[in-house]
Structure formats: structure tokens, C-alpha cells
Amino acid sequence: MTFTVRRVLIALAVVVVGTVLPTTTTFTGPAGAATSAATSTPESIGIRLVDVPADAVDDPRARIYIVDHLNPGTVIQRRISVSNLSDTERRLAVYAGAASVERGGFNVSAGRTPNELTTWITIDRPLLTLQPHEEATVTAKIAVPRDASPGEHYAAIWAETGTTHATRNKNVVEVSRVGVRTYLSVGPGGPPPADFAIAGLSSSRLPDGRPVATAQIRNTGGRALDMTGELGLTRGPGGLSAGPFPARLGKTLAPGQSEPVMVTLDKQLPAGPWTALIRLKSGLTERTARAVITFPQHSGESRSGKMLPLSNNGYLTAGVIGILLLAALSVLVLRRRRRRSSRERESA
């Protein structure tokens, strides 16, 4: 027996577009990037997640991906908008395809390759014919069987279009697809917590001379993570500060996985030493680390940073200890005065 989960859903307005190129694959991303692509490519398609559960509205990942935890036997529905942003009629197929999280990336399989999660997903309108600049909404239903395997499951819901061009010797089919990632956790009770640790910070240099700071991240929680963040530098040579510099995007970690997150800096930056502060987050989960790093002079070298407390704890600890010692001394002096006063009264 299955049951349907009813949730309050909030409309979204994040679009991703893809250009018709041989076997092009694109995922949902920031709206700004979508707008740029739409204005610069005459033949493109777009996709966006229409709604998000009200209890996840503050989670930026849930606004562009399907991110959920479901008990076995649960059914949910998500609306997805597909757009023809070109000036010609487009025929599109909408379907679910397998995905995995390995080697720090969200990896999609070719075509309609199935996995366990894709067998649970049905699209109410799998075939669409869209006129120029027309938009259509499809509904993806995810029905989790009662005997579904527990844990994390990954897939992508695709909108795909193709164009055939005849050449002298053969026909060339150009295929473009745009998709929405699906991260589904299955198990009894509530969702497992998301968490990660920053194990260390190191420095290196690319062959072109640009310095790189690398944070080693370990997913210590029960959900997949999509890492974003930035790094700032302070207390450099001559008191210099620099940044913040954005972390290189695209790192996705499954539970238990460990991967580096790299931040590429300006080539003109002095070698250091610097005090580096890196802030990384996935959804609503955020972690920070501090270290003293010095960039090597040549590429191919790597130096481990000296990890520091997150605040100026040296001054803070010294201040606290000083206050405690002063308080203890005050109590001791007060007790001695009381004893003297008591002895003087007794002798009188």
C-alpha cells in the first residue's frame, strides 16, 4: 500500500538553458547564467523546478534540485517547467536517467540508463511539442516502494531535444538535454542530518603560476553535499589582505566520501605567510576553518597549513585567564582582611 505526502509547495523562478549541440548536457543553475545563455544562443531549451516544499524554502539546494527524504511507501509530486527558448518548433522528450556521486562529482549516465530511483519516477507528459518561446509544465511523480533499499539515491529528470542534419555520407543527430538533479534519501523516520568537516588546508601553485588553496572535506553526515564557499586572506606580508576568492564549484560528496575543494587565487599574490579563513557550505550546513599558509614558489609543490582556532583565542584565552586570576586574588585578599578584622575584635 502506498500513500501520498501532501506538502505546501512554493513557486520558483530558476531557469537553466541548453544549446542544441552534439550530446550536450546541462543542469539547473543560477538564473543569471541562464539569462546570459538564453540571450546569446538562438536555439536553446530551458528547464526549472516550479515548486519547493515550504519546510525547505530556506535551503538554496532545494530551490534548484529535488532534495527530499521519504519513508518507504511514500508518493510525492514535483512540477517542472520546460521551455523552448528558440525561434523554431521543438519536440522534447522528458524522462528520468540514472546518476551517481563519485570522485567529487554528480555523474550522469548516458541516455535513459536506469537505476533503482528512475524506476520510481513517472512523468505525466513524457513527450512535448513546443512552439517558439512556449513553456509547458510537467509533473514528476516519485513513488517509493515499501521494499525500497534505504540510503541515498540519485537521478536526473531530463528534457531532451534533437535535430537531424543530412551530410554527404550520413545523417548527424545533434542532441541537447537539460536536467534537474534528484537527491532522494530513503528510510524510516526523519531525514538524516547533513554535516561535513574541514580536515585541513594546504597551498600549492598551478603550472601557470597561480596560487591555489585546497581544503580537504569529509562528508560526515547522511546526505549528499554540493559544496560552495569562499576564502579570504589576512595578515599577509606588510599587513596585506586579499579576497574573498570563490571556491571552485562542482564538488559533490556522498556520505562518507572525502574530496578536496580548491580555491584559485590571483597570480600576483605574494607567497605569504597568510592567515586564511575558508567558509564552505552545502544548503544550510556551513563550516569554517582558519590556517596559516604560505604558497610555494614553484608548481608541483604542496604545503600543509598550520590550523588555527576560529577566533583570536590567544588574546581571548589570556584575557579570560587574567580575569580569573584577578578574581581569585581579590577573594584571597578579602578573606585575609576578614580574618584580621575578626582577630582584632577578639583581642579587644
(1) surrounded by fewer than 19 Cβ atoms within 10 Å (Cβ to Cβ); (2) closer than 30 Å to ALA96 by Cβ all hold for ASP208 apart from (2)
In region 190-212, anything within 20 Å of LYS251 (Cβ to Cβ), out of contact with any Lys or Arg (no Cβ under 7 Å at 6 or more places or on another chain) and in a strand (DSSP E or B) is listed as GLY200, LEU201, SER204
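Taking the conditions exactly as written (closer than 22 Å to ARG61 by Cα and modelled with pLDDT of 95 or more), does ARG218 satisfy them or not?
On the way: closer than 22 Å to ARG61 by Cα: yes; modelled with pLDDT of 95 or more: yes.
Criteria met by ARG218.
Yes/no matrix, rows are residues, columns are (1) hydroxyl-bearing (Ser, Thr, Tyr); (2) touching a Ser or Thr at 6+ places or on another chain (Cβ under 7 Å); (3) farther than 27 Å from LEU284 by Cβ:
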| residue | (1), (2), (3) |
| --- | --- |
| ASP51 | no, no, no |
| ALA56 | no, no, no |
| THR88 | yes, no, yes |
| LEU92 | no, yes, yes |
| GLU102 | no, no, no |
| ILE123 | no, no, yes |
| GLU134 | no, no, yes |
Worksheet item: PRO191: touching a strand residue (DSSP E or B) at 6+ places or on another chain (Cβ under 6 Å), not assigned by TED's automatic domain parsing to the domain that holds ARG48 and not basic (Lys, Arg), yes or no?
Response: yes
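Looking only at region 192-207, decide whether some residue is without any contact (Cβ under 8 Å) to a residue 60 or more places away in the chain and within 28 Å of the chain's Cα centre (by Cα).
Here is the first cut: in region 192-207, the ones without any contact (Cβ under 8 Å) to a residue 60 or more places away in the chain are 193, 199.
Then keep just the ones that are within 28 Å of the chain's Cα centre (by Cα); that gives 193, 199.
Yes, that holds for at least one residue.
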Scanning region 107-129 residue by residue, the ones that are in contact with a Phe, Trp or Tyr (Cβ under 7 Å, 6 or more places away or on another chain) and either small (Gly, Ala, Ser) or surrounded by 14 or more Cβ atoms within 10 Å (Cβ to Cβ) (or both) total 2
Of the candidates GLY18, GLY32, the one satisfying the condition of being under 18 Å from the mean Cα position of the chain (by Cα) and modelled with pLDDT under 90 is GLY32
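Scan region 260-278 and give yes if some residue there is crowded, with 20+ Cβ neighbours inside 10 Å, over 30 Å from ALA194 (Cα atoms) and touching a Phe, Trp or Tyr at 6+ places or on another chain (Cβ under 7 Å), otherwise no.
Restricting attention to region 260-278, the residues satisfying the condition of being crowded, with 20+ Cβ neighbours inside 10 Å are 261, 263, 265, 272, 274, 276, 278.
Narrowing the set further to residues that are over 30 Å from ALA194 (Cα atoms) leaves 272, 274.
If we keep only those that are touching a Phe, Trp or Tyr at 6+ places or on another chain (Cβ under 7 Å) too, we end up with 272.
Yes, region 260-278 contains at least one residue that is crowded, with 20+ Cβ neighbours inside 10 Å, over 30 Å from ALA194 (Cα atoms) and touching a Phe, Trp or Tyr at 6+ places or on another chain (Cβ under 7 Å).
The values are calculated or read from the model by the stated rules, or taken from the named source; none is laboratory data. Here the structure is a predicted model, which is why all the values come from computation and not from measurement. Because the Cβ atoms are built from the backbone with ideal geometry, glycine has one as well, and the counts that use them run over all protein chains shown.
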